[in-house]
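Engineer: The structure is given below, and queries will be raised subsequently.
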Amino acid sequence: MSPESTPESGIPDETGTAGPRHRAKGRRRKTRGKRKGLVIAAWTAAGIVVLGGTGAGYLYFKLNGNIKSVDIDQALGTDRPTKVDNGSENILVLGSDTRSGSNKKLGGGTDDGSARSDTAMIVHVYEGHKKASVVSVPRDTLVDRPECTDTDGTVHDAATGVMFNSAYSTGGAACAVKTVESLTGIRMDHYLEVDFSGFQKLIDELGGVKVTTTQDISDSESHLNLKAGTHTLTGKQALGLVRTRHGVGDGSDLGRIQLQQAFIKALINQIKNVDVFGNPKKLYDLADTATKTVTTDSDLGSVNKLMSFANGLKGISSKNMTMVTMPVQYDPADGNRVLVDKDKAALVWKALENDQAIPKSATEGTATGQAKGVVTAS
């Protein structure tokens with residue numbers, strides 16, 4: 001099957017030899033409970049919109065105090081994949097779902113202080129910083145989590161056959177990065193995390209995001225009701241869209257990823273059309289919200305560094321962005337879980353390591369959701 005993306009990304013296709021197909025049998029996933037996946041591409045919202053090319057020097061001291069950062073390099077040490085010096089960059093973007101404070105009010109759940117990474121994306125920025133590939137990692141993928149040390153110095157034991165998003169809930173950002181690097185064999189140059197309460201406010205301050213839905217979407221758990229047609233989504237509606245599972249398609253996390261990827265492209269298009277630079281108050285409000293919303297690795301932990309990073313990304317448009325889901329198959333033992341299709345996934349990781357386009361063969365015949373094309377950018 002085709003990937004959950006628009007293949008015409010402006011990145012030329014590379015050829016590759018596809019590995020054997022493994023058609024896992026099992027039920028397609030059904031939703032259980034409220035899953036509050038957050039999908040904003042933090043590097044876009046906090047970078048391109050707010051900081052890229054603005055010259056907002058008078059805000060630096062205020063905004064610097066907003067940014068939270070974690071020292072991933074210190075926690076992980078030297079036992080990591082080798083950094084590839086070819087001009088490309090790899091960024092792990094997580095949407096965190098903390099169950100406390102304002103997030104509890106928005107999405108329900110227990111105020112137990114815990115947090116989950118319900119959305120994970122590996123963003124590969126190609127040499128020249130004009131094109132990018134985004135690989136979504138399903139939260140329900142069963143993986144072998146390596147031993148890892150969190151930023152407090154606590155060592156967490158390795159675990160076999162656990163859900164991917166358990167890495168973050170076990171050891172935070174450092175363990176999430178460690179797990180991704182173990183899974184892919186690729187070094188993550190940067191880390192960005194955003195929580196969904198800030199996401200909702202940020203969308204509202206942008207004036208909403210315009211999308212078109214090809215069918216009705218109704219989901220009482222994510223508080224979303226949209227008739228087929230064109231909508232300018234409020235922050236609350238946007239949050240509902242990126243969280244919804246059984247509101248459309250087969251109720252799987254793979255279907256939700258398809259909606260998330262479509263929304264990101266719509267968000268990027270909206271960003272290009274918003275004149276924030278001519279409105280100092282709007283610019284400040286966006287910058288204040290975005291810098292409070294994101295957590296970065298220590299290399300990006302200041303406005304100056306974020307601005308420099310964002311300036312290097314602002315030339316990437318939605319047309320120059322390929323979005324796929326990590327190749328997986330349904331777990332034959334549990335249709336509510338997926339397994340990495342190792343042969344096909346290897347094609348993805350090899351392409352990114354070599355700064356090449358992801359071959360179409362890497363996602364052919366893999367498990368996919370049923371929400372492709374339901375949401376498009378208007």
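The values are calculated or read from the model by the stated rules, or taken from the named source; none is laboratory data. In this text, all values refer to a predicted model and were calculated from it rather than measured experimentally. For the accessible areas, the whole protein counts, side chains as well, though only heavy atoms, and no ligand, DNA or RNA atoms are used. Shrake-Rupley method; radii C 1.70, N 1.55, O 1.52, S 1.80 Å.
Engineer: Of all accessible surface on region 126-221 at a 1.4 Å probe, what whole percent is carbon and sulfur?
Structural biologist: Summing carbon and sulfur atoms, their accessible area is 42 percent of the total for region 126-221.
Engineer: Using only the alpha carbons, work out the radius of gyration and Dmax of region 109-265 in angstrom.
Structural biologist: 17.2, 51
Engineer: Taking a 26 Å limit on the Cα-Cα distance, which of the listed pairs 281/372; 281/314; 68/131; 83/178; 201/265; 130/227 fall beyond it?
Structural biologist: 281/372; 68/131; 130/227
Engineer: Right, here's the next one. Roughly how many Å² of residue 364 are accessible to a 1.4 Å probe, to the nearest 10?
Structural biologist: The accessible area of residue 364 comes to roughly 80 Å².
Engineer: Taking a probe of 1.4 Å, how large is the accessible area per residue of region 143-199, in Å²?
Structural biologist: On a per-residue basis, 34 Å².
Engineer: With every protein chain present, what accessible area does residue 204 have (1.4 Å probe, heavy atoms only), rounded to the nearest 10 Å²?
Structural biologist: Spelled out: residue 204, probe radius 1.4 Å, area about 80 Å².
Engineer: Given a 1.4 Å probe and heavy atoms of the protein chains only, how would you sort 199, 61, largest accessible area at the top?
Structural biologist: So, going from the largest accessible area down, we get 61, 199.
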